[in-house]
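**Student:** For reference, the structure I am asking about is given below.
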Amino acid sequence: MIFSRENETMLREDLEQLQVERLQMTLNQIYRNVSFYRNLYNEKGIEISDIKSLDDLTRLPFTTKEDLRKSYPYEAFAVPLRDIVRIHSTSGTSGTPIVVGYTKNDLNIWTSLVGRVLSAAGITGHDFVQIAFNYSQSTGGLGFHYGAEKIGASVIPSSGEKVLKQIQIMKDYRTSALVSTPGYALHIASVLEEHGMDPQELNLSTGLFGSEPWSEKLRSEIETRLKIRAFDNYGLSEIMGPGIAFECEKRNGLHINEDHFIAEVINPDTLEILPEGEAGELVFTTITKQGFPLIRYRTGDVSSVISGECECGRTTRRIRRISGRTDDMMIVDGNNLFPSQIEALLFEIEGVEPHFQIILKREEGLDNVELRVEVTGSFFAFDEIRKVQDFQKKIREELINTLGLHAKITLIEPKSLGRTNGEKVKRVIDLRTL
Amino acid sequence: MLRIRNLEAGYDKLKVLKGISLHVNPGEIITIIGANGAGKSTLLKTISSIVRPSSGEIHLKGKAVKGSSPDAIVKSGCALVPEGRQLFPTLTIRENLLLGAYTLYRKREGKKADEYLENIYSMFPVLKERKHQLAGTLSGGEQQMVAIGRALMSGPDLLLMDEPSMGLAPIIVKNIFSIVSGLRNSGKTILIVEQNAKAVLDIADRGYVMETGSLVMEGSAEELLNNNDVKRAYLGRDYKEFTDQIL
């Protein structure tokens, strides 16, 4: 079903006009209200009135995670703080989060864009939608929550409940649609099988999965094991949260909500615009956001854009499944994590530059993190098990407290992490298969 | 109906419109709100070809019309209700109205003028009663009716209205805006520029906010009515009231 036919099936010509208008208005706003952009454009001699078409967008510089980190917490907001009614945040590259503010109007738009995502997957007011994203600073939980309410579905905010409780809710409340990471859906399937429960006993018919890259292979596995139809959707907190792109019933790419976001794909090394269909880094410009507008934001996500009409009737261009990252960001159980964050944390504890390695595995749909840390030479000499255990415990707890990351800590002897010819230790070994 | 891209215009060296892009879909009531001097009237005059744009594009019903003469714009279905009515005070109501049909006579469609005149009289019975009265003797509200009627005499699809509420008592403003609503229901598309944001947003579908020659915001009437910036700047909600609410 198409939630907003008028907007989702617009003639391309009308859509382009709307995009140009909204882009120009966004530029007028940020030039007046956001010192980061005003200074940047002044420095580079950019006249925003020279942006006369969508092609002119390429004259504007990119915005990076690093730029936003420097604006911590509220520097990049485009409205007075009293107009902000919600604040979310997402992990930055080195510990400082990126703070995203929403005005009332931003929330209204977000809610209806998520409504589009759910409607496209066939969710209606008759559905019971169980949202198994942690309701927290990240945007997945609340984003889907209000979108599902908007279309009149019964929302079950099961959030971070333990998996058995999730399954009980699913069974007793007759959940018909599950919203989670694909990994978590697989985990639910495993636990069901473990307990000898038949997914047919459940009322579950649809799954909306996102927050981490996945594959067609994983889709068919989830579909077979949970006996559902699974849909992909894409969003990131810096831009808005869920609701940026989504699959329709044809499941042939993810439709971008182009009346609110302009998508580009660039070569992350040369920064050149790539022709349609070629894979590169996704770049988004928000054209209706008031609280936290972003111009040409580099997402770090790898995909490509497809145009041409979709059989569903939507005229919006689509992105292919996200196939990976351009940077070293890891996505662990749907949460973003940078090696630099772990480095900063270990530096705090050890006081010297740490040598470490992160090993990622996936077991029964859940991500399993092992952190191997080289200790300094004198450490093992003490030969006190207790001291070693304390040290391990400290790292473990710090990881949970500051990053919310549960990891197995392994202390290893100095220089035991494989280095090749004086090169740096390979920081992440990802053994997960999509 | 109307599509404008990167429109720039001004008077001599003074640049008033600094790259305006907007669109009006058929059957919509669109408003442009903004303070005095933002460039709202200049925009309507530029669409009407009274002011010549220095650059940009104007498409009316899919046809590029930039550089056409003002009467060609009227002929292609776009009529202006100017700021301050601009009636001929020493002519009668009927004469004022008939002047609006001059393009019809040129197109040898004068017969239509009688039909339109009757429509206008049935829409504004008071004008029929007083058709031989001099326009200068009418009240502000009645003069506004004549000005709207005169624009309708060319049988336009798109009606441009410049500050129709100006100088009118609130009850008359309400009356005029309900007439505008009625015009949309009879198939007209309407673009209104207004300082009286509250009144016009009550009847508009969408609106744009204009500040010093640039558009800075667009949204449904509801969105704009609820927008704090709009409230502060154009709905007479003062700054203090906001800070008080927070404290």
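**Student:** For the range A:364-414, enumerate the residues that are part of a helix (DSSP H, G or I), modelled with pLDDT of 85 or more, surrounded by 18 or more Cβ atoms within 10 Å (Cβ to Cβ) and within 21 Å of the chain's Cα centre (by Cα).
**Tutor:** Passing the criteria: only A:LEU399.
**Student:** What number goes with the only condition from (1) surrounded by 17 or more Cβ atoms within 10 Å (Cβ to Cβ); (2) within 27 Å of B:TYR234 (Cα to Cα); (3) away from every other protein chain (no Cβ under 14 Å) that B:ASP202 does not pass?
**Tutor:** (1)
**Student:** Output the residue which, of all residues in the range B:1-33 that are surrounded by fewer than 18 Cβ atoms within 10 Å (Cβ to Cβ) and of a type outside the set (D, E, K, R), is nearest to the other protein chains (Cβ to nearest Cβ).
**Tutor:** Within the range B:1-33, the match that is nearest to the other protein chains (Cβ to nearest Cβ) is B:ASN25.
**Student:** In addition: Would you check if there is a residue in the range B:87-107 being part of a loop (DSSP other than H, G, I, E, B) and more than 26 Å from B:LEU138 (Cβ to Cβ)? Before the answer, list the steps.
**Tutor:** Let us first name the residues in the range B:87-107 that are part of a loop (DSSP other than H, G, I, E, B), namely B:87-91, B:100-101, B:107.
Narrowing the set further to residues that are more than 26 Å from B:LEU138 (Cβ to Cβ) leaves B:107.
Checked the range B:87-107: at least one residue is part of a loop (DSSP other than H, G, I, E, B) and more than 26 Å from B:LEU138 (Cβ to Cβ).
**Student:** Same structure, new question: Just give me the residues in the range A:48-71 being modelled with pLDDT under 95, within 13 Å of chain B (Cβ to nearest Cβ) and assigned to a loop (DSSP other than H, G, I, E, B), in sequence order.
**Tutor:** Listed by number, the list is empty, since nothing qualifies.
**Student:** Restrict the check to the range A:199-207 and report whether at least one residue is in contact with a Gly (Cβ under 7 Å, 6 or more places away or on another chain) and at pLDDT 95 or above.
**Tutor:** Yes: one or more hits.
**Student:** Quick check on my filter: what residues within the range A:1-51 are among the hydrophobic types (A, V, I, L, M, F, W, C) and under 17 Å from A:LEU294 (Cα atoms)? Please lay out each step first, then the result.
**Tutor:** First, pick out the residues of the range A:1-51 that are among the hydrophobic types (A, V, I, L, M, F, W, C): A:1-3, A:10-11, A:15, A:18, A:20, A:23, A:25, A:27, A:30, A:34, A:36, A:40, A:46, A:48, A:51.
The answer is A:VAL20, A:LEU23, A:MET25, A:LEU27, A:ILE30, A:VAL34, A:PHE36, A:LEU40, A:ILE46, A:ILE48, A:ILE51.
**Student:** Please go through the range A:193-228 and pick out each residue that is touching a residue at least 60 places away in the same chain (Cβ under 8 Å) and in a strand (DSSP E or B).
**Tutor:** Selection gives A:THR206, A:LEU208.
**Student:** Scan the range A:173-226 for residues that are within 26 Å of A:ARG320 (Cα to Cα) and among the polar types (S, T, N, Q) and jot them down.
**Tutor:** A:SER180, A:THR181, A:SER205, A:THR206, A:SER211, A:SER215, A:SER220, A:THR224 - these are the residues of the range A:173-226 that are within 26 Å of A:ARG320 (Cα to Cα) and among the polar types (S, T, N, Q).
**Student:** Taking the conditions exactly as written (closer than 29 Å to B:ILE58 by Cβ, in contact (Cβ under 8 Å) with a residue 24 or more places away in the chain and surrounded by fewer than 23 Cβ atoms within 10 Å (Cβ to Cβ)), does B:MET153 satisfy them or not?
**Tutor:** no
**Student:** Which of the residues belonging to the range A:305-331 are under 13 Å from the mean Cα position of the chain (by Cα) and in a strand (DSSP E or B)?
**Tutor:** A:GLY324, A:ARG325, A:MET330, A:ILE331
The values are calculated or read from the model by the stated rules, or taken from the named source; none is laboratory data. Keep in mind it's a predicted model, so treat the numbers as computed, not measured. In this analysis, Cβ positions are derived from the backbone assuming ideal geometry, glycine residues included, and neighbour counts consider all displayed protein chains.
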